[in-house]
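Here's the structure we're looking at; comments come further down.
The values are calculated or read from the model by the stated rules, or taken from the named source; none is laboratory data. These numbers were taken from a predicted model, which means no experiment stands behind them. Methodologically, a virtual Cβ is constructed for each residue, glycine included, from the backbone with ideal geometry; neighbour enumeration extends over all protein chains shown. We work out accessible area using only protein heavy atoms, side chains counted, and drop any ligands, DNA or RNA first. Shrake-Rupley method; radii C 1.70, N 1.55, O 1.52, S 1.80 Å.
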Amino acid sequence: MDEPADRQAKPLRVATYNTSLFSDEAGGVIRQLEGDSTHASKIAAVLQKVRPDLVLLNEFDYDDAHRAADLFQRRYLEVPQPGGGESLRYPYRYLAPVNTGVPSGLDLDQNGSVGTSGRELGNDAWGYGLHPGQYGMLVLSRFPIDEAQVRTFQRLRWSTLPGATNPVDPGTRKGFYPDAIWKQLRLSSKSHWDVPVRMPGGTVHFLVSHPTPPVFDGPENRNGLRNADEIRLWREYLTPGDAPWLCDDQGRCGGLAPDARFVIAGDLNNDPADGDGQHDAIIELLEHLRVMHMATPRSEGGEQTALAYAAKGMQRRGAPAHVTGDFGRRNGALRLDYVLPSTGFALTGSGVFWPKKDQADAAIADGSDHHLVWVDLMP
């Protein structure tokens, strides 16, 4: 059935939000949401204020029964929250297993043993996590999701990515991972999802991920290299041409159709100018021919925070208003969160939900060290 003309005329609001709704214990987020969680209330209040039509939530712990997602939607999003807006209902959602906390059975950190519990297990999991599903992902949508056509790349091997190289230990000048491990290592620290959403005007592919932070490693820079290649996977996915190596978990191979419209979203853990990480990885994604060249989302609160760090001697090259999170005295404020539409849309607005400290909305904006990023699009 065709959408009514007045509904078609409204822009589509697409967002990403790293919610920090994770726990170091399996089931910990469920127990929080079963109670009266101030943290979850603030996250829901921000979503009720911004009211995206389609949103990715990063760092939302996954459980097989989808209990955490049920609780968050029913007890928080669908109930008006202090400082928020009206209740917010999403009829459609997508969530699936991720690599974090899933034991690999391999000595990935090369410390001489395979971890079985705690941080040792996390270091040897396919993606760092203290239990399976920690730091998971959740997509919420006002529009139908074509679940039969969803593609996930949880198990794609890093070594299959063209140009991928085993991180080199500068001390031994050898690959950090033994060949037997390198050939098994998964690329995605959580997962990469292509979620087709049937929006007014046609299907939009929501390309979502949460690459590993490019830190917490050694001189071999294995996390920095992994972060860059997790980002590069989307460039490969968008680039025309045969890609027989690019096979999803369902066994379907190849990239995104050349005429498909998409929005890339997520905490990509890479600032184009500042902080750790290989900046060329995110810059090359921003400059990809299929990605819309647009004004960078901005906020007054981010600018205020970045300038405060600058006043204390932490100088940055990036624009202060473009930052999306405050990561403390060591790292300062950085732009890590992105919503990147494809060409073919018309951009009508964008922003970062980060009010200044003296504004009323600041009371709900501190639920996470990241801030929600949104764009408004006309099909």
Answer yes if at least one residue in the range 299-312 is within 20 Å of the chain's Cα centre (by Cα), of a type outside the set (Ser, Thr, Tyr) and open to solvent by less than 70 Å² (accessible area, probe 1.4 Å), and no otherwise.
-> yes
Do the conditions hold for ASP194, that is, is it of a type in the set (D, E, K, R) and open to solvent by 50 Å² or more (accessible area, probe 1.4 Å)?
-> no
Report the residue count in the range 13-37 for those that are open to solvent by less than 10 Å² (accessible area, probe 1.4 Å) and either within 27 Å of VAL375 (Cα to Cα) or in a loop (DSSP other than H, G, I, E, B) (or both).
-> 7
Does ASP280 qualify as being surrounded by fewer than 17 Cβ atoms within 10 Å (Cβ to Cβ) and under 26 Å from ASP169 (Cβ atoms)?
-> yes
Would you point out the residue of the range 23-39, among those that are of a type in the set (A, V, I, L, M, F, W, C) and in contact (Cβ under 8 Å) with a residue 40 or more places away in the chain, that is farthest from LEU88 (Cα to Cα)?
-> ALA26
Of the residues in the range 145-178 that are modelled with pLDDT of 95 or more and of a type in the set (Asp, Glu), the one that is surrounded by the most Cβ atoms within 10 Å (Cβ to Cβ) is ASP146
If only one of ALA40, ALA68 is touching a helix residue (DSSP H, G or I) at 6+ places or on another chain (Cβ under 8 Å), surrounded by 19 or more Cβ atoms within 10 Å (Cβ to Cβ), closer than 25 Å to ARG186 by Cβ and not aromatic (Phe, Trp, Tyr), which one is it?
-> ALA68
Some residue of the range 258-266 being surrounded by fewer than 23 Cβ atoms within 10 Å (Cβ to Cβ) and in contact (Cβ under 8 Å) with a residue 24 or more places away in the chain | yes
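Residue by residue, here is whether (1) over 20 Å from VAL14 (Cβ atoms); (2) touching a strand residue (DSSP E or B) at 6+ places or on another chain (Cβ under 6 Å); (3) hydroxyl-bearing (Ser, Thr, Tyr); (4) not in a helix (DSSP H, G or I) holds:
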{"site": "GLY85", "(1), (2), (3), (4)": "no, no, no, yes"}
{"site": "PRO97", "(1), (2), (3), (4)": "yes, no, no, yes"}
{"site": "GLY115", "(1), (2), (3), (4)": "yes, no, no, yes"}
{"site": "GLY122", "(1), (2), (3), (4)": "yes, no, no, no"}
{"site": "PHE143", "(1), (2), (3), (4)": "no, yes, no, yes"}
Condition met for ALA96 (touching a residue at least 60 places away in the same chain (Cβ under 8 Å) and either more than 18 Å from LYS190 (Cα to Cα) or of a type in the set (A, V, I, L, M) (or both)) | yes
